[in-house]
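The values are calculated or read from the model by the stated rules, or taken from the named source; none is laboratory data. All values derive from a computational prediction rather than experimental measurement. Glycine gets a Cβ as well: all are built from the backbone with ideal geometry, and neighbour counts include every protein chain shown. Please note that ligands, DNA and RNA were not included when accessible areas were found on the heavy atoms of the full protein model with its side chains. Shrake-Rupley method; radii C 1.70, N 1.55, O 1.52, S 1.80 Å.
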Amino acid sequence: MNNDIALESHTRKLGAFEKRVHEVDFLRGVLIIIVLIDHLLNNFLLNTETWYHITNNVFWHYFYNGMVFYWDSVARQIIRYLCLIAFCTISGVSCAFSRNNWKRAGEMILVFALLAVGSNLLEAWKFLGDTDCIIDFNVIGVLAFSTLFYCFVQNQSWKGLLASSLCWFLFVTYGMALIKSIPGTMDARVPSLIEPNFSTADWMPITPYIFFFFLGALLSYFVYDDKKSKLPRHEWERPFCFVGRYTLYIYLGHQVVLIPVFMIITAILRASYGM
């Protein structure tokens with residue numbers, strides 16, 4: 001009987017949790033959850049002051065002040081940069097597993113282009129009022145073009161990838177400073193290759209984060225040379241790994257859900273309080 005159960009377990013088709021490198025999915029899932037929480041708090045920041053004026057409920061006033069404190073805190077800035085670095089690094093590791101990075105790069109570039117065009121149209125039409133919704137260059141753009149550049153060296157040995165990583169490191173360290181010294185560069189909006197004196201919704205420059213992407217791809221040559229998990233699986237990891245497998249869709253879709261929800265809440269409060 002026990003032998004039959006063991007045989008059935010052995011022959012059962014393995015799911016994504018068993019077949020994939022679960023620790024990569026897990027870390028990506030944790031990171032995207034942190035992003036979702038951060039964006040949710042930002043939605044509260046953008047709406048609670050309005051809710052206070054509508055309801056005259058002092059709770060929303062204190063809640064708004066709490067959101068301002070969180071958003072301007074040093075802790076958030078540090079956590080944000082650490083999460084972005086980790087996300088780009090783990091994305092570089094994932095690219096080393098993929099067999100069709102050209103397709104992935106093309107799909108992400110298309111998504112990024114639609115985001116850029118769509119968000120600029122929303123801003124031009126003032127569809128979301130005074131909310132800054134322009135996305136000129138964000139994490140999707142960084143990952144898209146990082147993947148594209150990686151495609152040109154993906155078949156190289158680890159030495160070729162190391163050379164590419166060093167080139168990006170030198171560009172991030174010295175090339176960006178050189179570009180910044182060019183008159184008028186700091187006022188340029190596109191292609192957002194360097195940090196200018198402006199900020200748009202979810203804005204993120206391609207440098208220095210492309211370096212961390214290539215660093216992740218390089219690390220995969222040594223850590224995941226056999227493309228197998230290095231840590232034991234635990235059942236409690238499944239939800240995080242599931243989220244981690246669909247980070248792109250979650251990232252693109254969460255604000256599509258959150259923004260209308262907050263708009264509906266505001267409309268209900270206005271109707272309830274006769275405003």
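Miscellaneous remarks
- Selected residue (criterion: farthest from Tyr64 (Cα to Cα)) from residues of the range 19-30 that are surrounded by fewer than 21 Cβ atoms within 10 Å (Cβ to Cβ) and modelled with pLDDT of 90 or more: Glu23
- Qualifying residue in the range 223-244 (condition: closer than 30 Å to Val172 by Cα, surrounded by 10 or more Cβ atoms within 10 Å (Cβ to Cβ), under 15 Å from the mean Cα position of the chain (by Cα) and not acidic (Asp, Glu)): yes
- Residue within the range 54-75 that is out of contact with any strand residue (DSSP E or B) (no Cβ under 8 Å at 6 or more places or on another chain), open to solvent by 50 Å² or more (accessible area, probe 1.4 Å) and under 30 Å from Trp168 (Cβ atoms) present: yes
- The range 121-130, subset open to solvent by 50 Å² or more (accessible area, probe 1.4 Å) and part of a loop (DSSP other than H, G, I, E, B), residue modelled with the lowest pLDDT: Asp130
- Pairs with Cβ under 7 Å, 6+ apart, first in the range 87-110 and among the basic types (Lys, Arg), second crowded, with 19+ Cβ neighbours inside 10 Å: Arg104/Thr147
- Test: residue in the range 226-233 that is of a type in the set (A, V, I, L, M, F, W, C) and in a helix (DSSP H, G or I): no
- Filtered residue count, the range 135-159, keeping only those that are of a type outside the set (A, V, I, L, M, F, W, C) and open to solvent by 20 Å² or more (accessible area, probe 1.4 Å): 6
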